[in-house]
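The values are calculated or read from the model by the stated rules, or taken from the named source; none is laboratory data. Keep in mind that what you see is a predicted model, and the values were worked out from it rather than measured. Please note: Cβ atoms are built from the backbone with ideal geometry, for glycine as well, and neighbour counts cover all protein chains shown. Surface accessibility is based on the protein's heavy atoms, side chains included, excluding ligands, DNA and RNA. Shrake-Rupley method; radii C 1.70, N 1.55, O 1.52, S 1.80 Å.
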Amino acid sequence: MNTDTLNDKPENVDEKSMPVLSVKNLTYHYPKNKLALDDVSFDIYSGEKVAVVGPNGAGKTTLFLHMNSTIKSKGHIFINGKDVADMNPTERVKEVGIMFADPDNQLFMPTVFDDVAFGPLNLGLSKEEVEQRVEEAIEMTGIADLKTRVPHHLSLGQKKKVVLASIISMKPKVLILDEPTANLDPKSKRDVLEIVNKLNADGMTIIISTHDVNLLSELADKVFVLNKRIIETGTPRDIFSNPGLLEENNLEASDIFKFFQLLSSIGFDCEELPLSFDEAVEEILTQMEESGGHIHLHTHDHSHEEMIKLRTAFQQRIERID
């Protein structure tokens, strides 16, 4: 592969049409020649909110470790046209920030303030600029009351917010999150989701791996299904609407989507099945308004059979995932 050509941006091309992140022919083997990533290629554009989903062992974390050059192998990753492998550490942290699943691996300073300030200090910024960045990041993540606390004494949700703040203080163009809502209580999940969506609304490109399918439609506009290679790309609705794809890759649709699949077998007719609770509420209210305040359900000859088939399919998929 001619990497010079890949590094050079074509003339007379609008930069907004160029990928902010490009993965090209990425292949990686674990020890004993066990395949982890198989010729993975995709493009992500500025401001996109992308989820990477797949079964355990699909290579999601391995892929992310390549994105900050922690792992190097056959293939290339480009940030704004420049190969990540050719960047020095300072350049990389300005371009891409990564939050891994276990926040304890990224917290090492005596106080929350020190952890959030660590990155900007190492960029050689002035004291005033560092303090401003820290305050902005702490305010955005809602952890002002934790500034003097010892990070390792915090709850899991608080730790994840501190890691997010430490990344935000670096002002990267791309934010990568590995299972950001895993093992969090509902409020902490919602807090993290709101922070991520606010960052995206402000222009930051977001890449997330998650098993939390119930939040997928809120976490991402585009989905890559990864199972050592890119199996499929589409919207959350595209992915959830493909039962064969879900079955082959040990994935599930959201609970709301599955519930409305059941409702559709007894007469609830909607053009698009809701993906989230908010969409479900909107669909129900719309149908009630159009039908004089009522929702009409009814059985037909095949209703019972269809519901049993759906229930069996859901149960079998859960058993395979477990």
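Going residue by residue through the stretch 57-73, is there one that turns out to be modelled with pLDDT under 95, hydroxyl-bearing (Ser, Thr, Tyr), over 24 Å from residue 219 (Cα atoms) and part of a helix (DSSP H, G or I)? Looking through the stretch 57-73, none of the residues is modelled with pLDDT under 95, hydroxyl-bearing (Ser, Thr, Tyr), over 24 Å from residue 219 (Cα atoms) and part of a helix (DSSP H, G or I).
State whether one or more residues within the stretch 31-52 are without any contact (Cβ under 8 Å) to a residue 12 or more places away in the chain, in the same structural domain as residue 199 (by the TED database) and assigned to a strand (DSSP E or B). Yes, because at least one residue in the stretch 31-52 is without any contact (Cβ under 8 Å) to a residue 12 or more places away in the chain, in the same structural domain as residue 199 (by the TED database) and assigned to a strand (DSSP E or B). Restricting attention to the stretch 87-121, the residues that are in a helix (DSSP H, G or I), open to solvent by 50 Å² or more (accessible area, probe 1.4 Å) and touching a residue at least 24 places away in the same chain (Cβ under 8 Å) total 6.
If the condition is being part of a helix (DSSP H, G or I) and in contact (Cβ under 8 Å) with a residue 12 or more places away in the chain, then the stretch 132-155 contributes 133, 134, 136, 137, 138, 140, 141, 146, 151, 152.
Please verify whether residue 78 is aromatic (Phe, Trp, Tyr), surrounded by 15 or more Cβ atoms within 10 Å (Cβ to Cβ) and either at pLDDT below 95 or not assigned by the TED database to the domain that holds residue 166 (or both), treating the condition exactly as stated. It is true that residue 78 is aromatic (Phe, Trp, Tyr), surrounded by 15 or more Cβ atoms within 10 Å (Cβ to Cβ) and either at pLDDT below 95 or not assigned by the TED database to the domain that holds residue 166 (or both). Only residues that are of a type in the set (S, T, N, Q) and either closer than 12 Å to residue 141 by Cβ or part of a strand (DSSP E or B) (or both): list them for the stretch 170-194, please. Listed by number, the list holds a single entry, 188.
Do the conditions hold for residue 135, that is, is it in the same structural domain as residue 212 (by the TED database), open to solvent by 70 Å² or more (accessible area, probe 1.4 Å), closer than 21 Å to residue 160 by Cβ and among the acidic types (Asp, Glu)? When the stated conditions are applied, residue 135 passes them.
The residues listed here are 217, 169; of these, the one that is of a type in the set (Gly, Ala, Ser), surrounded by 19 or more Cβ atoms within 10 Å (Cβ to Cβ), at pLDDT 95 or above and touching a Pro at 6+ places or on another chain (Cβ under 8 Å) is 169.
Listed here are the residues, each with its yes/no results for (1) at positive phi; (2) touching a Gly at 6+ places or on another chain (Cβ under 8 Å); (3) assigned by the TED database to the domain that holds residue 52.
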| site | (1), (2), (3) |
| --- | --- |
| 262 | no, no, no |
| 267 | yes, no, no |
| 271 | no, no, no |
| 275 | no, no, no |
| 278 | no, no, no |
| 282 | no, no, no |
| 287 | no, no, no |
| 299 | no, yes, no |
| 307 | no, no, no |
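When residue 252 is tested against (1) more than 17 Å from the chain's Cα centre (by Cα); (2) closer than 15 Å to residue 212 by Cα; (3) open to solvent by 30 Å² or more (accessible area, probe 1.4 Å), just one condition goes unmet, and that condition is (1). The single condition from (1) under 26 Å from residue 94 (Cβ atoms); (2) open to solvent by less than 20 Å² (accessible area, probe 1.4 Å); (3) among the hydrophobic types (A, V, I, L, M, F, W, C) that residue 201 fails is (2).
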